[in-house]
Every structure is written in C-alpha cells, then in structure tokens.
Amino acid sequence: MNGPYVPVVGLEVHAQLLTASKMFCGCSSRYSGAPPDTHCCAVCAGMPGALPVVNARAVELGLLTALALHCTVPRASKFDRKNYSYPDLPKGYQISQYDDPIGRGGFLDYRIGDRVIRWGITRVHLEEDTGKTTHTDVDGREVSLVDYNRSGVPLMEIVTDPEMRMPEEAREFVSALRQVLMYLGVNDGDLQAGSMRVDVNISLTGPNGERNPKVEVKNLNSLRALERSLAYEIERQGRLLAGGETVEQETRGWSEKEEKTVPQRTKEYAHDYRYFPEPDLPPLVIRQADLDRLTGTMPEMPMTRSGRFVSQYGLTPFHAQVLTRERPLADYFERAAAADRSVPPRIYANWITGDLMRLLGEEQRAAEEIPIPPENLAELLSLIETGEISGSAGKQVLDEMFTSGQAAHAIVERRQLRQVADSAALDTLTDEVLAANPGMVDQYRKGKTNVIQALVGQAMKSSQGRANPQVVRDLLERKLN
Amino acid sequence: MIDLTSLTLSGARGLLDRREISSVELTQAHLDRIDRLEPQLNAYIRVTGDIALAQAVRADEAMRRGEAGELAGIPMALKDILSTVGVPTTCGSRILENYVPQYNATVVDRLAASGAVVLGKTNMDEFAMGSSNENSAFGPVHNPWCLERVPGGSSGGSATAVASSEAVYALGTDTGGSIRQPAALTGTVGLKPTYGRVSRYGLVAFASSLDQIGPITRTVADAAAVLGVIAGPDPRDSTALNAPVPDYSAALTGDIRGLRVGIPREYFGDGLDSEVRVVVERAIEVLQSLGARAVPISLPSSEHALSTYYVISPAEAMANLARYDGVRYGLSLPGDDIWSMYALTREAGFGAEVKRRIILGTYVLSAGYYDAYYRKAQQVRTLVRRDFDAAFGEVDVIVGPTTPTPAFPIGAKVDDPLQMYLNDVYTVPINMAGITAVSVPAGLASGLPVGVQIIGRALDEETILRVGDAFERETGHNLLRPPMTAEVSA
Ligand SMILES: [Zn+2]
C-alpha cells in the first residue's frame, strides 16, 4: 500500500509524573484548573539565585518505569542543562538528562490480537516541564500569555528505537505503554489533557534500503490522532518519493479539523542545545538496594496479568484483556473473586465487563470509582448462583447497589425479590399465564414447542422477575402435556 | 572619644556587649562616613540607611534582652549579587537595575538571625565578571589607597567599603578570585571558603560550579567569626556540604610551630611584580620565624588553570544569564516579536565584558567544539585538583602571592581583556579545585597594599585562618589604613 516504501517510526513519549510536588521545588504539581502563576516559587519561576533540589520521589518513579521497561539502570546518573530560549522556559534552559539517562536499552512487549510485538526502548530520562504559552487576543491585540504553573512539573521522556512499524502498531504500542505507566502509578495516562504527550518521527525507507529524511509530528493528543497522522504521513511521503520529489526534514503538527499534518510555524534555525552537566545538582547515585526495593513494589504488568487471568481463572482472552486494561478494574475483579470462591470466576468477569462497566459508562466514572465494594458484588452473584434470586432480578439489584451503595441482601429483602419457588404460588401464576395466552397454548399443542420460552418470559414478567424460571418451566410443561 | 568607624568586628562586639556604645550610634557613625566618602569611592550601589537604623534599634533591644547573636548590632555591607527581599539586587547590571527579589539569600537570612545590620548593597563588576570593578553599570569604584587606581574586583565595592571603614565587614563572592584579589588590592582580609561550605541559595549565579560567598574583613579573627555564622548545610542548595561547622575562632591559637608551608614554584614566575615578590618572600620568612617549615612544591597544571577557567566559567555563565530576557523581571525593551525583544533587551542591558563571556560560553559549548573546549577544560580541571591533592599530601598549607601586581590605574587594562584576566592567575586554581584560601595584608609595595594568599585543604578553613591570624598578630600589616581614612577621621 506504500509501494516499495517501508515506514520507520520512532516515538517520543513525555509523561508527567504523579508526584505531589514539582521536580526541583516544593510547589504542588497538581496545578490543573488553578489560576495562572499560583503554583510557582522562586525556583520554578527561574528567579535569579534560586537553586534546584531534586524530588526524590520523581527519581523513584522514573527508575520504576525504567525497570518495568527492562532498561539498564546505571550506578550513577546526572542532570544536564538543555539550553534554548522561549518565554515559557523561565531559566533559559531546561534541566534534563543528556548522556547519562536513568535508563537505556529496554523494550516493551505488547499484543495485537494473537501477535506479541517487542518494541525497543532507547532511553528513559527525567526532566522538568515548561510553562504554558497561549497565543490570544486582548483588546484586539495579538498577545502571548505565559502561565508558569506547569513549569517544573516532573516529566519523564521515553524514547523508542526507530523500527519498521505500521500506524496500528504504533497506536497499540502507545496504548500498551500508557497502560504500563498507569499500572505503575507514575502517570495518569491523560493524552487529551496533555499529562501524557506523544511525538512521532517517521521516515520511509526505499526499495534498496535507502533512507529518506524524517518528519517529526507533534501535538498528538489521542491514539486516533497518532494512528491517523502516521497513515497520512506514510501516504504523503510515499507520494512525494514516488513522484521523484524529496521529503523535507521538518516538524509538522496534526490538524484534527483537516485530518492532515501541516508544517509547524517555527523559526527556521538549527537547534544546538549546548548541553552541559548541571552544576547546581550533584550526580544521582543509584544504589542497588533502592532498585531492589523498587522492584519489590512493582505491580504485575498488564500483559502478564492478562495471561494469568486466563490460566488461573479460566477466563476467555477477551475478558482477561478487558479486565486488565486498567489496574483498578483488574484489582476489583480479583478482590471480588476472592471474596466468594463458590461463584465461578467467569461469572464475575461476565458481570464486571457487562453490567458493571455499562453502569460506569453511563455515569462516566473511572474504574477506581466503582461505588460497590467487591465483597458486595460477590454477595449478589452468590445470591444468583444459589438461585435465591433470578438473574434478571440480579440486574435490578445491581443497578440499585450502584446508586444507593446498599448491600445486595438488603435490597433483595426490601423489594421482596427472593425467587418464588413455592409451588402453590407458582401453580396459580402459571395457570394465569396459560389462561391469558390461549394462542400460544394452541401453537404449543400443535407441536411448536419452543413457544414455551415466551410463556416462561410472561410468567417472569408478571412475577417481576421473582419466579424461579426453571420451576416455572417445569410446571408449564407438565400442564401443557 | 573613640572613632566608631575604626572598630573591628571583635572590637565593636566588646563595646556593644558592655553597653559602652549602642548599635544605633555605631550604625549612624558608619552612615555618616558613607555620606562623606561615597562621592570619592562609589563603593555602594545602594545605601539602605533607614533599614539599617531599624535593624540597629532591634539589635539594641535584643542585646538588652540578652538574646543577641554573634553579629548583633554590627553594621556591614552586602555585595549587590546577594538577594535581599524588598531591596533591589542589581548585580551591577542595567538589566537588573529595577529587579527587587521576593526572597532572601540563605546568607542574608543567617546574618539577620544573628542580628546583623545591613548598611547597603556594594558595587561590583557586572554579574561578578571582572577584576577591577570597572565593569559596573553604576560606575567604577575607587581604591581608597589611591583614588586613581582600581580596588580590584569583582567584589571591589565590598573590599573598598571595609578598607575605608564604610562598613565593619562585608560579604563578597569569589568565582576566580573576586574576594581575594580586591582584598589584596585594598589591604583587607578576604576569605574564599571551600566550595559548598556556604550556601549559594540567593547568590545570583555567575559560574555555579565555582561561585562561593565569603567575608571581607579587617582582621582574620573577624573573618573567622563571620564564616562561623554564614557557613553550614542548606536544604535549598544541593551543592552545600553536609559537614558540621567548627568553631573557627577557637582555631586561632597563634601557634603554627611545625606547620609545613608549601611554596609553589609556579607562583613565583615571570609575571610576578618584583616588589610584590619581595613582600611575599618576607611574609614567608615571618611564618618561618614563627616555627613553620617552608617546603618547595610544584603545581604543574596551574599554568593551564586560567585558560581552562575562561572555558568553564563562560559556559556556565551563558546558561545562567539566559534568564535575563525581559519576559518576567528586569529591563524589558519591546520588539516586533519575541526574538527582537530578546535582542534589544540584552543588547541594552548587558555590558561589553558580559557579552564577551556569553559569546565565549556559547562558542565553547557549540556542536563540534564541545570536546575541544568544554570537555578538555573539565579534564584539565581534574588535573588541577590532583595537583593540590598531591601537594597536600606533603604540606599543610600553600603560601604565595594573591595577585601578580598591586592596584593598577583605572583605565589601564580596560581595552586588554587578556591582561585583565591575568590578575586572577594565582587565585583561579583554588576555585577550580574547590578548596579554600584567604588573602591577608602583607605590607605595602610603593605605598599600595599587597596580599599574601594562604591556601588550604577542602574544609580546612581552620588551618589557613590560624596561619593568617598568627601572621597578622606578628606583623600588624592589617592595621595599616589608607591615607584618606586618616584625613577623614581627623
Ligand atoms: Zn516552585
């Protein structure tokens, strides 16, 4: 589809670290929604004479990520100054890591269908975020406004190896990486809000292995934008090359509106960042004991966990993947399944991925906000499994548990949903159903026996789901034959 | 009636403690003297008389309650590169002419906690870049020993204020000699502590891996007392050393018998003025007469230290000065776009020497030149450090001249940066190695002060102060005052 050209893709992912304070000062890093310049101090506003102090927690989160991505972590690392001028960079340099990052040479395995793909990780390094520049109009004048709340927020950059990859593979990689970062609790995975940001480098390799200039695409704030922009670039660059033209090495942005990449308006000069070691910070000494401790706190990664859900609980691969997509959901499943082992795990998986996720979706709640304690879900499913209530009554109970937070048995008692298995009451009920549906009775007797299903349904309906469907069916069959 | 402005720190301490004088009297006497002398000296960029008198009143109250710190009530001056909340901190530059810090440097907080009275902010070479104080946007400082001559730099204002008794003591900063060189040229004591001994938080950075704050005083004992207050770990400066602060004053025993004094061959070469050589050699004889043993040593890498310094310090300065862009504070000249605003602001805001070093720093870090300059310089820096390590295996202190010449005439070297840079040839290696040194008055050469430099191991300020104090007690060279001091007092 690209003719003789093969796309080579490299990704740069910036992820804000979930620390309470900023990378080099004590300011709160939870600035979202705060008025401009209210989360700043002398350090993160770059005032003369202010000095950085490394946030130890940010280093831990960076190391945790490097370990999870199978990187080599050095004994000693250091920070460097990356020099460039822009108003949202208050010191005129960004404290980053150049030649001694906290991790290098790792990989991430992820799955597309049955295929497991391994994408190499070049490096993981720590740095500080910049302020945020907004170009706007004030009193009819074009102005640029800078908000320094974001300045100095801990940022981790993950750079992948350039590999021959298709857009879908890149999308699934970022999706898997996002999942890993969220599992580790190092990042909230919010591409839309920019706490996780993706830039891609894409070039095409020709039929004889000749390499063409690469294009960087920035501002990709959704997985869809990532995939679409790559597809667009492969097509665009392929068309240029096929037409005998050359690809210009440049930075482009993804325009959501036009569904295409457009050249970014940047000043045309070569960047020379003039990196040199940050003299205000002593080298980072990384002790094996700290790495061992971090490894001990490392949660099971999503792909491993998904595999275990299949082997340990007998779940379908589909259910296992849905449940492990987010760590809180997977944790929820395991806690519920452990609460009452008499209910088969696949029943928990059915209910969680079905009705519970539907309710979460309707309420737009995140997985960590499930208002039903896992033990309460276990109790409900046990009531259904033992035949105390019917499955359809169970759905009503679940809805109410979700809104009221009450326990299953309380709702069942109050709404008298316990299944009626007592034959006297069901005797009357089935008589009424047969009397009310002479047509179906007639059909049944003429040999169309599957109308029994509809008659059971009628009985369940008039009992408001309380009748035991198996007993009703037995009674109806006996009466009809 | 004693002249209150002739008092040393320890002298004033005694009188204040015995209630013979008040801090308000002492402070007022210094403010009066500043009024009389400043038209000739220009040592201060800003005198904060009202603040000083308010601090003096508080210090007197604290002393009455018996809660006074070691520096309580004693008027001093701060180099205008140390951040002071509410008081402009210009760094001797147009670009920060109207910049008012919102926080205090750690040393300023420590002085305040000790009850110090701050008379004002002293003149300096712009962003501490210079050895003559001619690079100040606020005019040159005049040496009180000879008004036509420079006081040295970059802490020329601080040294001049102390030499002329416009302050009892002052704080300066030393990146390549900026405390010791002006101390030598003005006949005062200047101490550069070990890198990391004093917190740099709030010191507006010139070259972060070299900058260090230290006292300029009229006696070694005063320097010891001030260092004891300002030294120590600081959670806000990751490069501040976590070592306990010894009692420096207790180290001044006057006994240097058996001490091994290294005399580095390289410090007595061709560039050394013959009169200065005589003064320094005499100083070494004095130390020997006090029981110290002179040991010839060699510091072979020191000849490369200066050129290396002019790679590393501009590189760091280039980055440290990038923040002065007119966006958030300081001078700001509007342009057509952000790039022209940067250019106009920095063109107007920085002086020639600062621009020269920014260009130099940008060059040595540029793609393709990094290995040849910056990396090479770091390697040489390691060699310089090893030289000192090796020397200190054999000797306890190293003694030599602080500067190659006494104070030179204003204007003599402004057009020749390389000649100007040579002023720091004996002081720069100490910053490169991160160790400590003190310049102590050693007498006069043709009527101008000469300093002797006593260099010590990292964190061994106690030994160099002990040597300096013993020398001072024996010679009394520190008691020599500039001629104009006598005229004014009379
Ligand atoms: Zn801050």
Exercise. Going by the conditions given, is residue B:173 within 14 Å of another protein chain (Cβ to nearest Cβ) and free of Cβ contacts under 8 Å to residues at least 60 places away in the same chain?
Worked result: no
Seminar exercise, completed: Here, helices (runs of 4 or more DSSP H) confined to the stretch A:382-481 with at least 3 residues that are touching a residue at least 12 places away in the same chain (Cβ under 8 Å) and surrounded by 20 or more Cβ atoms within 10 Å (Cβ to Cβ) are A:391-404, A:408-414, A:423-436, A:452-462, A:469-480
For this session: Confirm whether residue A:66 is open to solvent by 10 Å² or more (accessible area, probe 1.4 Å), over 17 Å from residue A:275 (Cα atoms) and modelled with pLDDT of 95 or more.
Result: no
For this session: Filter the stretch A:16-45 down to residues that are in contact (Cβ under 8 Å) with a residue 60 or more places away in the chain, near the ligand (Cβ under 10 Å from one of its atoms) and of a type outside the set (Ser, Thr, Tyr), then give me how many there are.
Result: 10
Exercise. In the stretch B:440-490, which residue that is on the phi > 0 side of the Ramachandran plot and touching a helix residue (DSSP H, G or I) at 6+ places or on another chain (Cβ under 9 Å) is surrounded by the most Cβ atoms within 10 Å (Cβ to Cβ)?
Worked result: B:443
Exercise. For the stretch A:2-15, does any single residue satisfy the condition of being within 13 Å of the ligand (Cβ to nearest atom), touching a residue at least 60 places away in the same chain (Cβ under 8 Å) and either surrounded by 15 or more Cβ atoms within 10 Å (Cβ to Cβ) or more than 11 Å from residue A:150 (Cα to Cα) (or both)?
Worked result: no
Exercise. Of everything in the stretch B:307-332 that's more than 24 Å from residue B:417 (Cβ to Cβ) and among the charged types (D, E, K, R), which residue is most open to solvent (accessible area, probe 1.4 Å)?
Worked result: B:328
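To keep it simple, each residue is scored yes or no on (1) more than 14 Å from chain B (Cβ to nearest Cβ); (2) within 16 Å of the ligand (Cβ to nearest atom); (3) part of a strand (DSSP E or B); (4) at pLDDT below 95.
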{"site": "A:89", "(1), (2), (3), (4)": "no, yes, no, no"}
{"site": "A:95", "(1), (2), (3), (4)": "no, yes, yes, no"}
{"site": "A:98", "(1), (2), (3), (4)": "no, no, no, no"}
{"site": "A:105", "(1), (2), (3), (4)": "yes, no, yes, no"}
{"site": "A:121", "(1), (2), (3), (4)": "yes, no, yes, no"}
{"site": "A:126", "(1), (2), (3), (4)": "yes, no, yes, no"}
{"site": "A:130", "(1), (2), (3), (4)": "no, yes, no, no"}
{"site": "A:142", "(1), (2), (3), (4)": "no, no, yes, yes"}
{"site": "A:156", "(1), (2), (3), (4)": "yes, no, yes, no"}
Exercise. Looking at the stretch B:69-86, is at least one residue more than 28 Å from residue B:2 (Cβ to Cβ), within 14 Å of chain A (Cβ to nearest Cβ), of a type in the set (Asp, Glu) and open to solvent by 10 Å² or more (accessible area, probe 1.4 Å)?
Worked result: no
Problem set entry | Qualifying position, being surrounded by fewer than 16 Cβ atoms within 10 Å (Cβ to Cβ) and within 11 Å of chain A (Cβ to nearest Cβ), among B:40, B:102 | B:102
Problem set entry | Filter pass, residue A:54 being at pLDDT below 95, more than 13 Å from the ligand (Cβ to nearest atom) and open to solvent by 20 Å² or more (accessible area, probe 1.4 Å) | no
Problem set entry | Set B:130, B:190: member being in a strand (DSSP E or B) and buried (at least 24 other Cβ atoms within 10 Å of the Cβ) | B:190
Exercise. What about residue A:315, is it within 12 Å of another protein chain (Cβ to nearest Cβ), outside any helix (DSSP H, G or I) and either of a type in the set (A, V, I, L, M) or over 25 Å from residue A:101 (Cβ atoms) (or both)?
Worked result: no
For this session: Return the only residue of B:279, B:295 being closer than 30 Å to residue B:474 by Cα, within 24 Å of the chain's Cα centre (by Cα) and open to solvent by less than 50 Å² (accessible area, probe 1.4 Å).
Result: B:279
Exercise. Does residue B:227 fit the bill of being within 25 Å of residue B:429 (Cα to Cα) and assigned to a loop (DSSP other than H, G, I, E, B)?
Worked result: no
For this session: Would you check which residues across the stretch A:118-136 are open to solvent by less than 10 Å² (accessible area, probe 1.4 Å) and of a type in the set (Val, Ile, Thr) and list them?
Result: A:121, A:124
Seminar exercise, completed: Scanning the stretch B:356-372 residue by residue, those touching a Pro at 6+ places or on another chain (Cβ under 6 Å) and within 12 Å of chain A (Cβ to nearest Cβ) turn out to be B:361
For this session: Determine whether the stretch B:346-355 contains at least one residue that is assigned to a loop (DSSP other than H, G, I, E, B), away from chain A (no Cβ under 13 Å) and either open to solvent by 40 Å² or more (accessible area, probe 1.4 Å) or farther than 30 Å from residue B:447 by Cβ (or both).
Result: yes
Seminar exercise, completed: residue A:59 passes all but one of the listed conditions (1) within 16 Å of the ligand (Cβ to nearest atom); (2) in a helix (DSSP H, G or I); (3) more than 17 Å from residue A:130 (Cβ to Cβ); the exception is number (1)
Seminar exercise, completed: Taking the stretch B:256-270 and keeping only residues that are at negative phi and open to solvent by 20 Å² or more (accessible area, probe 1.4 Å), one is left with B:257, B:260, B:263, B:265, B:266, B:268, B:269, B:270
Exercise. Among (1) within 14 Å of chain A (Cβ to nearest Cβ); (2) touching an Asp or Glu at 6+ places or on another chain (Cβ under 9 Å); (3) open to solvent by 20 Å² or more (accessible area, probe 1.4 Å), where does residue B:240 come up short?
Worked result: (3)
Exercise. Open to solvent by less than 10 Å² (accessible area, probe 1.4 Å), of a type in the set (A, V, I, L, M), over 20 Å from residue B:47 (Cβ atoms) and within 14 Å of chain A (Cβ to nearest Cβ): does that describe residue B:185?
Worked result: no
Exercise. Looking only at the stretch B:320-338, which residues are facing another protein chain (nearest Cβ under 7 Å), among the hydrophobic types (A, V, I, L, M, F, W, C) and either out of contact with any Pro (no Cβ under 9 Å at 6 or more places or on another chain) or assigned to a loop (DSSP other than H, G, I, E, B) (or both)?
Worked result: B:322, B:327
Exercise. Out of the stretch B:69-87, which residues are part of a strand (DSSP E or B) and among the polar types (S, T, N, Q)?
Worked result: B:84
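The values are calculated or read from the model by the stated rules, or taken from the named source; none is laboratory data. Predicted, not measured: the structure shown is a model, and the values here were computed from it. For neighbour counting, all protein chains shown are included, and Cβ atoms are generated from backbone atoms with ideal geometry for every residue, glycine included. The protein model used for the area step is the full one, side chains on, heavy atoms only, and it has no ligands, DNA or RNA in it. Shrake-Rupley method; radii C 1.70, N 1.55, O 1.52, S 1.80 Å.
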